[in-house]
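Asks: Take a look at this one; I'll ask things after.
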Amino acid sequence: MLEVKGITVRYSGLPVMRDLSIKVAQNQTVGVVGANGAGKTTLLKAIMGAVKVAAGEVHFNGRRIDRLRTEEIVRLGLIYVPEGRRLFGPLSVEENLLLGAYTVGDEAAKQRNLEHVYELFPRLAERKKQAVGSMSGGEQQMAAIGRGLMSSPKLLMLDEPSLGLAPLMVSEVFETVRRLQAEGETTVLLVEQNVLEALELSDWAYVLQTGRIRDEGPAKDLLASDGVRRAFLGL
Amino acid sequence: MEELGIQILKSAVSGLIMGLVFALVALGLTVIFGVMDIVNFAHGEFLMVGMYTTLLTSPLLGVDPVLTLPLAGLVGAVLGVMCYFGLIRFLLRGPMIAQLFGTFGLMIFLRNLALLFMGSEPRIVHEGWLVGKSILVGPGVVLESTKVAAAALSLISFAVVWWFINRTRVGKAITATSLDAEGARYMGISTEYMNALAWAVGGASVGVAGGLLVNFWPVEPGVGLLFTMIAFATVALGGFGSVRGALVAGILIGFIVNLPPVWDAILRSIDAAGLRGLEIHSFKYTMVYAVYFLIMVLRPQGLFGWKQ
Ligand SMILES: Nc1ncnc2c1ncn2[C@@H]1O[C@H](COP(=O)(O)OP(=O)(O)O)[C@@H](O)[C@H]1O
Ligand SMILES: [Mg+2]
């Protein structure tokens, strides 16, 4: 479904990512873990066309997308839920959600997606008129994920959805990913520093370090591997 | 004392009326600034183009000046989009200072273009439904119907833009882009398209404002500067990027500009010998900036602003 082939990314001339490749198959949850500054966000932004890919290729459902603009990539069904959420703070929850369906022309489909999101996150339904910026971090993360789901994406890329949330909210976020897996409509690429949880959820995972893939494999195997246990789990 | 009472009423009414026109002039500036963080020094020249559009097309088409307003809006929108694609888009890649000089250059360019084609003679609409008619609103308070109609049409235009931005899908995309352009791109909203749209909406609203204004304010190639200055103060006062702020601040500035005659009347009624001959109303634009500076000190983001 998604194939990143040997990409290089530079920030003002300095390469922060070199010859990196990953693959995501349909209906598979793929985790990308790594320390702060490893290049996780850079990878997702490169896929989205938000940072320039200096070398290599990105393919999505058989189409080469590394030369496309972000808004064209979104229309292909590839959605990025950014780190730090980037909600439109003064707008209401529902306005934010509807902006997530900006590319959806069909009114009925839009309403269906809205209902789906409200069913997934009843708290958003209760607060749909509230300014999204005035909600708690956990509620905002639900709004961000909900907004990402509003265009019924084929692939949803979540960038550190548990960052800075209270423990209860963290488990709720991962619970949401489980529900999406169960529904089977959306493939998820999950970027996390919360390595244990992310690996438990994923089918396949990559370990990123200073812009390179240091390790990859079935998530359960990585979870059991010495390298990962020592580096991330303090064991 | 009676003179004073009448003067206050008169000033309040004309303040409200001028304020609504100021608000419409500032609306385009605030929409463009909100989306792109760019200050358009040529904004008053857009207004001038709108004024000339109505002045010239009304006799040409043989219709009343009021009926040419949609045309003035259209010309403003086209001009805005042309400026965006021809100039602003390139300026965005440069530093802030390039944007300042760029739109400043645009101002000089449009002004000289007008001088070339229109000459320096001030001109005004002489005939029309609105011209030269007045209505009596109270004892001694006579209003030119031109200004009343201009105020009403300003309010209507304002309402249309407000509705577009706050109630339509594309309008919300404009808001999203002005809040976080990169975040909006992740929703599939093209920043380029929203920028161009902001220039179209901004150009259209200031074009309509020009078409209204020329019914009671003479147009000449240099007319823009005063209105650019007032629009800047309005936008800063109301809050950069805030549509509601532009309305409130526009009316506020209308009041400020029309307040000095009240002071003059007070001075006359107390017959202050030492102050005889001092005409406060010649300082009316100074007062606008005095209030502006005061608000900047107390509340730098403006009355309704979310941006600095
Ligand atoms: N806009 C930028 N300009 C320059 N360097 C950047 C920029 N964004 C990120 N970096 C650098 O790129 C590296 C990868 O960052 P990032 O992708 O944000 O990591 P992660 O998401 O894994 O924490 C870091 O060394 C970071 O300092
Ligand atoms: Mg990151």
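The values are calculated or read from the model by the stated rules, or taken from the named source; none is laboratory data. Predicted, not measured: the structure shown is a model, and the values here were computed from it. Cβ coordinates were reconstructed from backbone atoms using ideal geometry, including for glycine residues, and neighbour counts include every protein chain displayed. Just so you know, the surface numbers come from the protein's heavy atoms only, side chains and all, with ligands and any DNA or RNA stripped out. Shrake-Rupley method; radii C 1.70, N 1.55, O 1.52, S 1.80 Å.
Asks: Can you list residue pairs whose Cβ atoms sit under 9 Å apart, with the first residue in the stretch A:195-212 being within 13 Å of ligand 1 (Cβ to nearest atom) and the second being part of a strand (DSSP E or B) and open to solvent by 80 Å² or more (accessible area, probe 1.4 Å)? Count only pairs 6 or more apart in sequence or on different chains.
Replies: Close Cβ pairs (under 9 Å, with a partner that is part of a strand (DSSP E or B) and open to solvent by 80 Å² or more (accessible area, probe 1.4 Å)) amount to A:206/A:214; A:206/A:216; A:207/A:214; A:207/A:216; A:208/A:214; A:211/A:18; A:212/A:18; A:212/A:19.
Asks: Could you list, in sequence order, all residues of the stretch A:194-230 that are part of a loop (DSSP other than H, G, I, E, B) and either modelled with pLDDT of 90 or more or away from ligand 2 (no atom under 16 Å from the Cβ) (or both)?
Replies: Across the stretch A:194-230, the qualifying residues are A:202, A:203, A:210, A:211, A:225.
Asks: Read through the list (1) at pLDDT below 95; (2) in a helix (DSSP H, G or I), then give the number of the only condition that residue A:148 fails.
Replies: (1)
Asks: Got a number for residues in the stretch A:21-38 being within 16 Å of ligand 2 (Cβ to nearest atom) and open to solvent by less than 10 Å² (accessible area, probe 1.4 Å)?
Replies: Residues meeting the conditions: 6.
Asks: A follow-up question, please. Please specify each residue of the stretch A:92-112 satisfying the condition of being assigned to a loop (DSSP other than H, G, I, E, B) and either within 11 Å of another protein chain (Cβ to nearest Cβ) or open to solvent by less than 40 Å² (accessible area, probe 1.4 Å) (or both).
Replies: A:101, A:102, A:103, A:104, A:105 - these are the residues of the stretch A:92-112 that are assigned to a loop (DSSP other than H, G, I, E, B) and either within 11 Å of another protein chain (Cβ to nearest Cβ) or open to solvent by less than 40 Å² (accessible area, probe 1.4 Å) (or both).
Asks: Next question. Just to be sure, is residue B:34 within 17 Å of residue B:258 (Cα to Cα) and open to solvent by less than 20 Å² (accessible area, probe 1.4 Å)?
Replies: no
Asks: Moving on. Sort out which residues of the stretch B:176-232 are touching a strand residue (DSSP E or B) at 6+ places or on another chain (Cβ under 8 Å) and either open to solvent by 20 Å² or more (accessible area, probe 1.4 Å) or within 14 Å of another protein chain (Cβ to nearest Cβ) (or both), and write them in order of number.
Replies: Correct list: B:186, B:216, B:218, B:220.
Asks: Quick check on the stretch A:136-147. Is at least one of its residues open to solvent by 10 Å² or more (accessible area, probe 1.4 Å), closer than 21 Å to residue A:28 by Cβ and out of contact with any Cys (no Cβ under 8 Å at 6 or more places or on another chain)?
Replies: no
Asks: Within the bounds of the stretch A:158-165, is there any residue that is in contact (Cβ under 8 Å) with a residue 12 or more places away in the chain, away from ligand 2 (no atom under 16 Å from the Cβ) and either under 23 Å from residue A:23 (Cβ atoms) or not in a strand (DSSP E or B) (or both)?
Replies: Residues of the stretch A:158-165 in contact (Cβ under 8 Å) with a residue 12 or more places away in the chain: A:158-165.
From what is left, the residues that are away from ligand 2 (no atom under 16 Å from the Cβ) are none.
Checked the stretch A:158-165: no residue is in contact (Cβ under 8 Å) with a residue 12 or more places away in the chain, away from ligand 2 (no atom under 16 Å from the Cβ) and either under 23 Å from residue A:23 (Cβ atoms) or not in a strand (DSSP E or B) (or both).
Asks: Tell me which residues, restricted to the stretch A:113-135, are of a type in the set (S, T, N, Q) and buried (at least 21 other Cβ atoms within 10 Å of the Cβ).
Replies: Residue satisfying the conditions is A:113 alone.
Asks: Can you tell me which residue in the stretch A:49-91 is nearest to the other protein chains (Cβ to nearest Cβ), limited to those that are open to solvent by 40 Å² or more (accessible area, probe 1.4 Å) and of a type in the set (Asp, Glu)?
Replies: It comes out as A:72.
Asks: Output the qualifying pairs, or none if there are none: Cβ atoms under 9 angstrom, residues six or more apart or on different chains, first residue in the stretch A:34-46 and more than 14 Å from chain B (Cβ to nearest Cβ) and more than 6 Å from ligand 1 (Cβ to nearest atom), second residue open to solvent by 10 Å² or more (accessible area, probe 1.4 Å) and part of a helix (DSSP H, G or I).
Replies: From the stretch A:34-46, the pairs are A:35/A:231; A:35/A:232.
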